[in-house]
Amino acid sequence: MTTREHWVRPLDLPLPPAPPDPLARPVTRADAGHIAALMFASYHATPDDEGQGPADAAAETDRLLDGTYGPFDFDASEITFRGDQPASATLVTRYQGDALIAFSMTAPSWKRRGLARAGLIRTLARLAAAGHPAAHLAVTPHNTPARALYTSLGFRPAPTA
Ligand SMILES: CC(C)(COP(=O)(O)OP(=O)(O)OC[C@H]1O[C@@H](n2cnc3c(N)ncnc32)[C@H](O)[C@@H]1OP(=O)(O)O)[C@@H](O)C(=O)NCCC(=O)NCCS
């Protein structure tokens, strides 16, 4: 199991304007298949790929949506499509009462086009509007794309007690 660092972003920090995406919408339980397919494809051959197959992604998605990692926030989370395929998602749970960005992921053919950044900005804006003081996430030391994305949006390693 790879070490994950706890990063946090106060939600009273200003956010860039939320880029509109008419194809983005809240997540429902019926999106499990879309999320599992996106999870498998987006992590495949990336720094965080631990060799899981499609069945592992489906099981992980069920655990996520069923609340194993804290209650899933269907309202703050979002998924966007291009054609009939899921292109990117930003998925939020509650962890010890706080908002946790559990997954940010983009399908291989849509990477580096700003979808994850836009989804995160919209999601952080919803969390701020809902009164959450901060957003938390876990990131691995070698996930350079994710670290650059999160750093650019104001996430920093959480202070240790
Ligand atoms: C990390 C991930 C979600 C980024 O998705 P994306 O839609 O391609 O990201 P964006 O196009 O919005 O990129 C936003 C910023 O992220 C950083 N970034 C994204 N991909 C990068 C790469 N391959 N190398 C370096 N920086 C990268 C850049 O700072 C980029 O801004 P720029 O394009 O203006 O330079 C995507 O690579 C992914 O799905 N990875 C696998 C899943 C994962 O590791 N999720 C994070 C777990 S903590």
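The values are calculated or read from the model by the stated rules, or taken from the named source; none is laboratory data. Computed from a prediction, not measured in an experiment: that's the story for all the values here. We place every Cβ from the backbone using ideal geometry, glycine too, and count neighbours over all the protein chains shown. These area figures cover heavy atoms from the full protein model, side chains too; ligands, DNA and RNA do not enter into them. Shrake-Rupley method; radii C 1.70, N 1.55, O 1.52, S 1.80 Å.
Tabulated data for the structure shown
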read-out: Residues satisfying the stated conditions in segment 123-147, i.e. within 12 Å of the ligand (Cβ to nearest atom) and of a type in the set (Lys, Arg); value: Arg147
read-out: Among the residues listed as Thr160, Thr140, Thr93, Thr144, the single one being among the polar types (S, T, N, Q), in contact with a Pro (Cβ under 8 Å, 6 or more places away or on another chain) and open to solvent by 20 Å² or more (accessible area, probe 1.4 Å); value: Thr144
read-out: Residues that are among the polar types (S, T, N, Q) and open to solvent by 10 Å² or more (accessible area, probe 1.4 Å), drawn from segment 71-90; value: Gln85
read-out: For Tyr150: the one exception among (1) in contact (Cβ under 8 Å) with a residue 60 or more places away in the chain; (2) in a helix (DSSP H, G or I); (3) surrounded by fewer than 20 Cβ atoms within 10 Å (Cβ to Cβ); (4) near the ligand (Cβ under 10 Å from one of its atoms); value: (3)
read-out: Tally of residues being outside any helix (DSSP H, G or I) and within 19 Å of Val27 (Cβ to Cβ) across segment 101-135; value: 10
read-out: Yes/no for Pro26 being open to solvent by 60 Å² or more (accessible area, probe 1.4 Å) and out of contact with any helix residue (DSSP H, G or I) (no Cβ under 8 Å at 6 or more places or on another chain); value: yes
read-out: Verdict on Pro108 being without any contact (Cβ under 8 Å) to a residue 24 or more places away in the chain, closer than 22 Å to Arg122 by Cα and loosely packed, with under 15 Cβ neighbours inside 10 Å; value: no
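Residues checked against (1) more than 11 Å from the ligand (Cβ to nearest atom); (2) in a loop (DSSP other than H, G, I, E, B):
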| site | (1), (2) |
| --- | --- |
| Trp7 | no, no |
| His34 | yes, no |
| Phe40 | no, no |
| Thr68 | yes, yes |
| Thr80 | no, no |
| Ala87 | no, no |
| Thr90 | no, no |
| Ala99 | yes, no |
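Conditions tested, residue by residue: (1) over 22 Å from Thr2 (Cα atoms); (2) more than 13 Å from the ligand (Cβ to nearest atom); (3) within 14 Å of the chain's Cα centre (by Cα).
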site: Asp62; (1), (2), (3): no, yes, no
site: Phe74; (1), (2), (3): yes, yes, yes
site: Gly83; (1), (2), (3): yes, yes, no
site: Thr106; (1), (2), (3): no, no, yes
site: Ile121; (1), (2), (3): yes, no, yes
